[in-house]
1. Do we have GLU433 as free of Cβ contacts under 8 Å to residues at least 12 places away in the same chain, of a type in the set (D, E, K, R) and either assigned to a helix (DSSP H, G or I) or in contact with a Ser or Thr (Cβ under 6 Å, 6 or more places away or on another chain) (or both) here?
2. Output yes when any residue across the stretch 375-394 is of a type outside the set (D, E, K, R) and touching a Phe, Trp or Tyr at 6+ places or on another chain (Cβ under 9 Å), and no when none is.
3. Residue under question is TYR66, and the condition is that it be surrounded by fewer than 20 Cβ atoms within 10 Å (Cβ to Cβ), aromatic (Phe, Trp, Tyr) and in contact (Cβ under 8 Å) with a residue 12 or more places away in the chain; does it hold?
4. Which condition number does ALA390 fail, the rest of (1) farther than 14 Å from PRO440 by Cβ; (2) touching a Lys or Arg at 6+ places or on another chain (Cβ under 9 Å); (3) surrounded by fewer than 23 Cβ atoms within 10 Å (Cβ to Cβ) being met?
5. Only one of LEU58, LEU78 is in contact (Cβ under 8 Å) with a residue 60 or more places away in the chain and buried (at least 17 other Cβ atoms within 10 Å of the Cβ). Can you tell me which?
6. Here are some residues: LEU343, LEU348, LEU356, LEU332. Which one is more than 23 Å from LEU277 (Cα to Cα), crowded, with 16+ Cβ neighbours inside 10 Å and touching a helix residue (DSSP H, G or I) at 6+ places or on another chain (Cβ under 6 Å)?
7. For the stretch 177-188, check the following and say yes or no: at least one residue is touching a residue at least 12 places away in the same chain (Cβ under 8 Å), over 28 Å from PRO440 (Cα atoms) and among the hydrophobic types (A, V, I, L, M, F, W, C).
8. Of all residues in the stretch 20-39, count the ones that are out of contact with any His (no Cβ under 6 Å at 6 or more places or on another chain) and either at pLDDT 95 or above or more than 16 Å from ARG231 (Cβ to Cβ) (or both).
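The values are calculated or read from the model by the stated rules, or taken from the named source; none is laboratory data. Predicted model only: the values in this text are computed from it and were never measured. Neighbour counts are summed over all protein chains in view; Cβ atoms, including those assigned to glycine, are modelled from backbone coordinates with ideal geometry.
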Amino acid sequence: MRYLSTRGHADRKQFCEILLEGLAPDGGLYLPETYPQVDAATLEKWRAVYRDSGYADLAFEVLSLYIDDIPAADLKTLCRKTYTEQVFGTPEIVPLRQLEPGLYLEALSNGPTLAFKDMAMQLLGNLFEYELARRGEELNILGATSGDTGSAAEYAMRGKKGVRVFMTSPQGRMSPFQQAQMFSLQDANIHNIAIEGVFDDCQDIVKAVSNDLDFKRKYKIGTVNSINWARLLAQVVYYFAGYFQATTTGDQRVSFTVPSGNFGNVCAGHVARMMGLPIEKLVVATNENDVLDEFFRTGVYRVRASADTHETSSPSMDISKASNFERFVFDLLGRDAARLADLFGAQLSTQGRFDLSGDTTFQAAARHYGFASGKSTHADRLQTIRDTFARFGTMIDTHTADGLKVAREHLSAGVPMVVLETALPIKFAATIEEALGQSPPRPARFEGIEALPKRVRLMPADAALVQAYIASHVD
């Protein structure tokens with residue numbers, strides 16, 4: 001298996017090379033040269049693996065199609081080390097809960113930081129440690145978070161040999177619980193940098209540093225954001241697990257609704273669908289920052305300036321530049337790297353938008369790729385949280401509420417709809433209290449976390465300052 005850049009760089013690389021690299025040298029994102037195909041017989045074999053041997057062995061089956069430079073026995077050991085009942089709370093790892101006939105929640109938030117990002121980040125931490133030890137090297141991870149990626153990465157990497165984490169986040173834009181999860185960590189290899197701006201400013205810094213190839217090589221910079229293919233690949237697994245729980249035979253189809261800001265979570269669903277998983281619809285649910293919903297409705301991709309990025313009660317989706325969207329558009333355009341580079345390079349940088357509304361490839365996209373979309377507002381999520389608690393006794397977080405609201409707009413008779421849960425309600429307690437008049441339950445290990453001492457550096461949105469900070473904290 002070899003990987004290529006969406007923007008056409010000539011290099012073809014193996015998995016472990018791009019694991020440690022992040023962005024391609026030309027600023028593109030890595031994708032496999034081809035998607036491995038899963039036929040009906042393999043699908044039923046994997047169903048039996050998940051049923052009889054568990055999620056870890058299913059992860060090995062999926063990942064081994066993409067990773068051929070780690071010995072199979074080692075890869076299986078890494079999967080089994082990662083996906084345990086002790087870490088994720090249940091033997092199913094991602095249990096499915098039926099709310100009503102044909103409508104399900106897939107629980108992805110039982111990991112160490114109570115968010116779906118743990119599903120990939122826990123594996124990524126073990127992969128990094130394995131590969132760095134094999135090479136005798138170190139890695140300095142630079143990341144950006146709108147809320148959950150940061151804590152998931154830091155909890156996965158804390159104490160890992162050969163790894164330092166430099167995590168940027170938008171100052172004041174995360175919930176108090178999210179901030180406390182990150183800033184209370186005192187591990188020497190964890191560095192939190194609060195940026196004066198919005199998430200897109202943080203993401204721009206990560207890309208700018210990653211595109212400074214001399215600095216990247218000198219300081220061995222890697223990424224954990226979903227621009228890193230390994231993280232997105234790990235997320236593909238739970239689409240298969242959700243499908244197996246929602247169906248009994250391989251001739252059934254399933255739809256998924258995914259709360260989405262950066263397009264990584266739902267892009268993993270796109271990959272699963274391209275592999276042959278029988279997905280009817282992939283429904284993108286946005287909040288008031290509706291860049292993705294606008295594209296799927298109109299064909300226009302129009303990024304917003306920082307000042308026009310709304311601060312909402314589902315803050316992890318307060319994003320107006322969806323990094324992973326480039327991977328889907330690459331496939332949408334028939335893998336035309338030159339055209340892709342023009343759209344995401346020249347047009348976005350000069351015009352802040354591109355328009356595919358008159359393009360026949362876009363017009364066929366919904367039919368060929370199965371995408372649909374919708375938008376949810378603060379009032380919508382309050383109502384969805386209240387309704388779900390009143391009717392089903394289930395408390396959901398604000399982002400999952402966005403997903404559930406939009407999912408109901410895209411139900412099809414006879415096709416199960418699986419909504420991907422994104423976090424536990426405690427991470428967004430203020431809005432839960434506004435909706436329900438009561439506090440969400442808090443795991444005992446997080447009691448009093450907001451009162452713990454904080455370790456964080458505040459900086460302007462300046463990539464050069466972040467580079468200087470990294471340089472001064474690398475031994």
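1. When the stated conditions are applied, GLU433 passes them.
2. no
3. For TYR66, the condition - surrounded by fewer than 20 Cβ atoms within 10 Å (Cβ to Cβ), aromatic (Phe, Trp, Tyr) and in contact (Cβ under 8 Å) with a residue 12 or more places away in the chain - is met.
4. With respect to (1) farther than 14 Å from PRO440 by Cβ; (2) touching a Lys or Arg at 6+ places or on another chain (Cβ under 9 Å); (3) surrounded by fewer than 23 Cβ atoms within 10 Å (Cβ to Cβ), ALA390 is out only on (2).
5. None of the other options fit; the residue is LEU58.
6. Just one listed residue meets the conditions, LEU356.
7. no
8. The qualifying residues number 13.
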